[in-house]
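Working notes for the structure below.
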Amino acid sequence: MHPLARLDLRYIWHPFTQMRDWLRREPIVIVSGRGAVLRDAHGRQYIDANSSIWTNLHGHNHPAINAAIQRQLKRIAHSSALGLANEPASLLAEKLIATADLAGAPTRKRAGKPGSPRLRRVFYSDDGSTAMEVALKLAFESSRRAGRCRKPRFLTLASAYHGDTIGAASLGQIHLFRHTWEGLLFKSDEVMAPYCYRCRYNVAKPERADARAYRKCKWECLEILERRFVAQKKRDEPYAGFVFEPLIQGAAGMIPQPAGWLRRAAEIARQHNALLIADEVMTGFGRTGSGTTPDGRGPATQPLAGSDGASVQPRTAADGVRPAHPEAAVVQPTNFPLFACQHESVNPDLMAVAKGMTGGYLPMAATLTTAEIFGEFLGEYSEFKTFFHGHSYTANQLGAAAALASMEVLENPRSKRDRLRLEHDMHAQLARLWELPQVGDIRQVGLIAGIELVKDWRTKEPFDLRDRAGMRVCEAMARRGVLTRPIGNVVVIMPPYCVNGSQMAHIVDALHQSVKSVLD
Ligand SMILES: *Cc1c(COP(=O)(O)O)cnc(C)c1O
């Protein structure tokens, strides 16, 4: 056993890991990485097929990001944001606001206030959980100060995941992650989220395609959402905020929303005066691609229609929804939105970003918010309206320098072309998996894919979680030189943007062979 592996086994407690299993095996010790390839202490190479748990964007050891960090390192690594400003954090904040702002998005009248909210302020923190804690605290207190709610409550989606700290976990709805801490968590309400593959309202028989593409339903999920807001209002306790992962719920099992759902859900929340709290921790910085992936997601501009083609909510351009336009499907790489909300023209009041923000280099996160919410915290010092919250490493210079460099790479036309190519490559390659009877659903949103494994695609019968089917398939993939982590029975494929065609083919080969060898 490698001496570093021995040290790990002796001293380290790994996250989300049954350590008894861990201690039985020699762990893979990563010593270096280049592009999409990781190298271990024995010199073996692996493709990083989940971007190091959804963080890496452009590959490891990227020359531009390396150089930016080195430049910053020669000046200073860190000084506090409590009482001091710094260069990279200021430049990054300007860039984040410019990128996240939906210039040209349809504006809507909102409860007497003209225009739609626009993200104008950046509050830095360290990771996705803390970015969501900040969003939660800001929503809670601003709702009370604005007189919208006395006891702010939050509505979240079924199977939501927003992080592991107590506040973020209180917004989560994955039983396994929260039941132990139930006594520590505050209550948040849960509402049905679209999960077309396993939706009880979807009457379609399974097909060999993304369930969103062949579903037959009447958008019952949206009706239920609306009823929920109405019921809460009748109780005279309107929701302070609606919390959601836009376009695709990650830790829930890579569960994508059919085109049009997010826009309509956001409209409903707005009509009921709830703040829109978007968790773009996984989806941010280009991960959701061009929005034109064949199958499940059409162009975001298509009208909301039942799967029988009947329009459910007939709306016109005057309502701020552009009519279907065939050319909309041809997204030019130049208008590649970097955030999932932008695919559906949704303007959140609070937006949390983290994972990919530094290109996967350093732990840094941000919560973006509006001038309105910011304004609720302005006052005389003696009024103590200050937002009393902040972390030691907030606005860290090295992280900000890495994030700035990463965003520059994202703007590069070559990166846009690569992402578009990868998105289509992924779709084409993953289609080979349909021939396996244990592949029930393949769902892709941009550069994110989840492959749901079942006992038989015709019955959709799931594997018992105790059988570790997903885990065993991923272990077999590792032996074939591909690293990823499953979510239950869903295998996640989310490689860095630099993955080339033959690497993508290698990933899908490894998955194909592993499913066959482990589950047949
Ligand atoms: C990973 C994740 C988080 C938590 O982020 P950490 O950096 O792990 O704290 C929150 N929300 C979503 C959607 C995530 O994917």
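Given a 1.4 angstrom probe, I'd like the percentage of the accessible area of the chain that is carbon and sulfur, rounded to a whole number.
In the chain, the share of accessible area belonging to carbon and sulfur is 55 percent.
Could you compute the net charge surrounding ALA405? Neighbours are other residues with a C-beta less than 13 Å from the C-beta of ALA405; K and R count +1, D and E count -1.
0
Which length gain, in nm to one decimal place, applies between ARG39 and ILE166 when the Cα-Cα distance is subtracted from 0.36 nm times their residue separation?
42.2 nm
Which percent, to the nearest 5, of DSSP beta bridges fully inside the chain are antiparallel?
Expressed as a percentage, antiparallel bridges in the chain total about 70.
Could you list the chymotrypsin sites (Phe, Trp or Tyr not before Pro) in segment 188-266 that lie in coil according to DSSP, counting only those with at most 16 other Cβ atoms within 10 Å of their Cβ?
TYR201
Check the straight Cα-Cα distances from LYS234 and name the aspartates and glutamates below 16 Å, setting aside those fewer than 8 residues away within the same chain.
ASP189, GLU226
Subtracting the Cα-Cα distance from 0.36 nm times the residue separation, let me have the gained length for TRP22 to GLN70 in nm, one decimal.
Contour length minus Cα-Cα distance gives 13.7 nm.
Determine, for each peptide in 160-166, 179-185, 82-88, the mean count of other beta carbons within 10 angstrom over its residues, then list the peptides with the highest first.
The packing order, highest mean first, is 160-166, 82-88, 179-185.
What does the charge add up to near CYS199, with Lys and Arg as +1, Asp and Glu as -1, over the other residues with Cβ less than 14 Å from its Cβ?
+4
Relative to the Cα centre, what is the charge dipole magnitude of segment 62-214, using +1 at the beta carbon of each Lys and Arg, -1 at the beta carbon of each Asp and Glu, and rounding to the nearest 20 debye?
For segment 62-214, the charge dipole is close to 760 debye.
With r as the distance between the Cβ atoms of ALA85 and ILE12 and R0 = 30 Å, compute the FRET efficiency 1/(1 + (r/R0)^6) and round to 0.05.
0.25
Rounding to the nearest 20 debye, state how big the charge dipole of the chain is about its Cα centre with +1 on each Lys and Arg Cβ and -1 on each Asp and Glu Cβ.
Charge dipole of the chain: 360 debye, to the nearest 20.
Just add up the charged neighbours of ALA131: K/R +1, D/E -1, any other residue whose Cβ is under 14 Å from the Cβ of ALA131.
In short, -4.
Using a Cα-Cα cut-off of under 14 Å, which aspartates and glutamates could be cross-linked to LYS95, ignoring same-chain neighbours fewer than 8 residues away?
LYS95 reaches GLU87, GLU408, GLU411.
At a Förster distance of 35 Å, what's the computed FRET efficiency of THR386 paired with GLU94, Cβ-Cβ distance as r, to 0.05?
E(calc), rounded to 0.05, equals 0.90.
Kindly sort ASP425, ASP48 by accessible area of their heavy atoms, largest first, with the probe set to 1.4 Å.
ASP425, ASP48
Please list, short to long, the whole-number percent of alpha-carbon pairs of the chain in consecutive 20 angstrom bins beginning at zero.
Per 20 Å bin, starting at 0, the Cα pair percentages come out as 22, 58, 19, 0.
In whole Å, how far is the Cα centre of segment 337-369 from that of segment 191-237?
Their Cα centres are 26 Å away from one another.
Work out how much length GLU376 to ARG145 would gain on full extension: take 0.36 nm times their residue separation and subtract the Cα-Cα distance, in nm to one decimal.
82.5 nm
Tell me what the chain gives for mean residue ellipticity at 222 nm when only DSSP H runs of n ≥ 4 count, each as -39,500 (n - 2.57), the sum divided by the residue total, rounded to 500 deg cm²/dmol.
Value at 222 nm, helices only, nearest 500: -10000 deg cm²/dmol.
Name all residues of segment 493-510 having a backbone nitrogen under 11 Å from the label point set 7 Å from the Cα of ARG432 along its Cα→Cβ direction, giving them as ranges.
502-510
Per residue, how much accessible area does the chain have with a 1.4 Å probe, in Å²?
Accessible area per residue, the chain: 44 Å².
Could you tell me which of ILE487, ALA266, GLN429 has its Cα farthest along the dipole of the chain towards the positive end, charges placed at Cβ (Lys, Arg +1; Asp, Glu -1), taken about the Cα centre?
ALA266
Listed highest first by mean packing, meaning other Cβ atoms within 10 Å per residue, what order do 64-72, 128-136, 484-492 come in?
Final packing ranking: 128-136, 484-492, 64-72.
Under 16 Å from the Cα of LYS187, which lysines turn up, not counting those fewer than eight places away in the same chain?
Correct list for LYS187: LYS137, LYS151.
The values are calculated or read from the model by the stated rules, or taken from the named source; none is laboratory data. Note that the coordinates shown come from a computational prediction; the quantities given were computed from them, not determined experimentally. Reconstructed Cβ throughout: ideal geometry from the backbone, glycine too, with neighbour counts over all protein chains shown. Heavy atoms of the whole protein, side chains included, go into the accessibility calculation; ligands, DNA and RNA do not. Shrake-Rupley method; radii C 1.70, N 1.55, O 1.52, S 1.80 Å.
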